[in-house]
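Before any comments, here is the structure.
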């Protein structure tokens, strides 16, 4: 459909609705909960045009995923469409079907699902059956909706698998989802959704669970397939960076309502609604001014006074003794035997961490960046003494006294644990659902047998105000708090024993953008107010840019580049750092990803050019190329 | 594949040796032996005891030898197919067990099939209609089935069958066919009698199985991959059977290891109450009278079946679940 006809259709929306591919009108979705009826979606309307991409944006709980489920009639059993229409019209000449009127279990709706509208989900691992092969699951929809022979169906399946980027589609047919990497799984998921050439693809957070470089490949793939198959995409996401790169039109949802809609350029250049405007100020961007702060939608008021007394400032002498944490040539090598059930493979060395050296100064925040599986969490476990290293040294400056962490044992180790604490990624599983917040915050004092009941009670209340929560909520259980509030409780727990050093393992990656800004600001303030040292682990470069003084980039267990934050972002040297930075989708229409000329292969060491080539025969090391800026390269040129 | 099976088979040897020692020790634990209880019985009846005959018997059966020697005689014989000699029945153990074994296998197999036929559809229904009236009703019946002692049910059914059908349904066949060669009439008589023990032995198993199928299936029903299947346009029944049901079968197959020995032992008390000519009551009396070869060989046989059953269910699990076959843990 040409641009002109679409434009006319847009103008004559009320009289000529039928010229839209999909038209959602005044859709209301309710959920029957034990406490009563919950209105998840409150009368939203939008239109999707042939071959275009509409982004549905909002934070978790805004009703965007529920809307997608309603379109396919796959709402959970306690959810139902209260009123409204979902009109699907494949061709301008054909009559429109109202999906709402179709029986949920009837054949008419089933022919829409997978045949005309299909969907890809956020987590490809759990969204595919582990018991069935890729070929079986991908071809399934084909045999359901098209009347074709088995041979022909399998041929089309192989074709589709090659189309989404499987190099050996014949072999891929017989693989199981758990044998694939995250990116390939999502490609298989896309193949599964597109096998019947649907007119609409609903993509529910298709890249949220993936690394940035993989995300870029998947987005590129979706764009290419959209053109080849001429289909419309309904993209559900909370990432404005993805929106800027993919969408033609945007619908912003907030608490089940549409608060803003329009072409992508209007949304980014002239955001109108308060929520949308604050969303833009809440996202960390590259190149923010050093004193520039994120503005969360709801700021936290926290008070430090009560606890400040237990965090004593460091004396200059103590700082002179050495770095706060000094890691030298740390490595962790796992020896595994590939334990297939019926085959026993040879022994394999997995180098989780290799030749890792890093100094962290007192009061510094060092960001550790890398993609999933690069070993950054292993580093945090090694530093915490949760696992012991194969080789290497970890020295800790305990206010003037140097401790060798590898030799600590028994009561010494127990004593040391109060100095260094960890905040986990997922605030939902990091807090025991069976303990009240009071018990959770009390636990550190109980373990280390500090103070009496009265002292503990006061400290627990102080900790609540430290993270900006009302001490009156102490008797509640974690489930009655939101993700952001839980993460604040986790932070309070980590700070209970007045540690000097915090390891933050992806502390904001499970949170919504607006909440993320809150937590980042809180962490920043606490660091300044209490003189804390941070090791901040993240896969999100923009987040690290906002909070860290120095950044260390890690790939396959090794550090490849360390530099002060500004240097790294304005002058990245290592090809891997460059590939990472290039793949980050930025919420800026003028800085869209260059899908045509990307250097994605550089995210894999095999493609690194000299002098960055990794080879067991040529020694390589971190070389200081300018003040404080280290890059891993070969030390001998050949 | 074969290397794995062979490794597992070799591993079975030490397992069985340990089991045999344990079995032998347990049988010998009560003070005395069969001859002593035999003498005591004779004396209580006021009969004189021929000391020479006792000494002869003692030597004949090797009861005068040391424990390890007795164990060795028994276990070597066991693996050569000689299960020993039953003192109580005065004939070789193989002959004592003989006919009973076939009847036991018949009763147990029919019971297990009965259990599956009833439990699978009800379990599927209960899981897909969670908290409906049907689910509650079937759950209630299931709990009653679980809570009722089997022998009580046996007595009630015996009474009812006698009053309303006018037949005596104890045993597995009409009295006139006992010890007769197999014939068509004998076979139909067995079938006529079979349904009571099958229902009695099957109820609690069925009720338990319904609960397990329901619970396992409920865990799977809300998994994202089920939603994916629905979004593809699969019909509800096919969706249910292809995805969540397949996954929930794992527990069921893992259970086969336990099922195999219960085919030949199973339900001793019910068998006593219904006077079934199965192996259960025989094992009980052998243990009571310290008929050591009969009891020992039988227990050993059960242990072997358990070990083999576990191997079978492990192999079957690998066949149906690729995560086990291909080792999910290693690829993560």
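Quick look at the values:
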| quantity | calculated |
| --- | --- |
| Using distinct alpha-carbon pairs, which all enter the 1/r mean, Kirkwood radius of region A:358-478 in Å | 17.1 Å |
| Exposure proxy ranking, count of Cβ atoms within 10 Å, fewest first, for A:608, B:182 | B:182, A:608 |
| Label-to-label distance, nm, for residues given as residue A:295 and residue B:130 (7 Å Cα→Cβ offset) | 4.6 nm |
| Segment residue B:15-residue B:44, length gained on full extension (0.36 nm per residue, minus Cα span) | 6.2 nm |
| Rough spin-label spacing in nm, given labels placed 7 Å along Cα→Cβ, for residue A:333 and residue A:386 | 2.4 nm |
| Expected 222 nm ellipticity per residue - DSSP helices of 4 or more, -39500 (n - 2.57), all of the protein assembly as shown, to 500 | -14500 deg cm²/dmol |
| Average projection area in nm² (convex hull over Cα atoms of region A:552-638, one quarter of hull surface) | 6.5 nm² |
| Bins of 10 Å, starting at 0 and running to the largest distance - Cα pair percent for region A:98-209 | 15, 45, 32, 8, 0 |
| FRET E, pair residue B:215, residue B:180, Förster distance 56 Å, beta-carbon r, rounded to 0.05 | 0.75 |
| Reciprocal mean inverse distance between Cα atoms of chain B - Kirkwood radius, Å | 23.4 Å |
| Max mean-square fluctuation residue, GNM over chain B, Cα-Cα springs under 10 Å, options B:95, B:220, B:236 | B:236 |
| Crossing angle, helix B:51-60 versus chain B [Cα axis fit, 0-90 degrees, rounded to tens] | 40 degrees |
| Spacing of the two label points (7 Å from each Cα toward its C-beta) at residue A:105 and residue B:146, in nm | 2.7 nm |
| Cβ-Cβ FRET estimate between residue A:439 and residue A:255, R0 fixed at 22 Å, reported to 0.05 | 0.10 |
| Top of B:59, B:130, B:288 by mean-square fluctuation, Gaussian network on chain B, Cα under 10 Å | B:59 |
| Extension gain, residue B:64 back to residue B:236 (0.36 nm per residue minus Cα-Cα distance, nm) | 54.9 nm |
| Model label zone, residue A:168; criterion: amide N under 18 Å from point 7 Å along Cα-to-beta-carbon; scope region A:104-135 | A:133-135 |
| Taking the C-alpha atoms of region A:360-407, convex hull volume expressed per residue in Å³ | 88 Å³ |
| Residues A:365, A:28, A:196 arranged by fewest to most Cβ contacts within 10 Å | A:28, A:196, A:365 |
| Whole-angstrom Cα spans of region A:28-154 along principal axes, big to small | 50, 41, 29 |
| Acute angle (nearest 10 degrees) that the helix B:67-79 long axis makes with the longest principal axis of chain B, alpha-carbon atoms | 60 degrees |
| Sites residue B:162 and residue B:99, calculated FRET efficiency, Cβ-Cβ separation with R0 25 Å, nearest 0.05 | 0.45 |
| Proxy reagent accessibility, fewest Cβ within 10 Å first, across A:505, A:426 | A:426, A:505 |
| Extension gain from residue A:621 to residue A:594, taking 0.36 nm per residue of separation minus the Cα-Cα distance | 6.5 nm |
| Binned Cα-Cα distances of the protein assembly as shown, short to long, each 10 Å bin given as a whole percent | 2, 9, 15, 17, 17, 14, 11, 8, 5, 2, 0, 0 |
| DSSP-defined antiparallel bridges as percent of all bridges, chain A, nearest 5 | 60 percent |
| Chain A: angle of helix A:150-163 to the longest principal axis, Cα-based, in degrees nearest 10 | 50 degrees |
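Read-outs throughout are calculated quantities, based only on the coordinates presented, and are distinct from any laboratory measurement. On a predicted model such as this, the values are computed, not experimentally measured, just so you know. Using ideal geometry, Cβ is built from the backbone for each residue, glycine included, and neighbour counts are taken over all protein chains shown.
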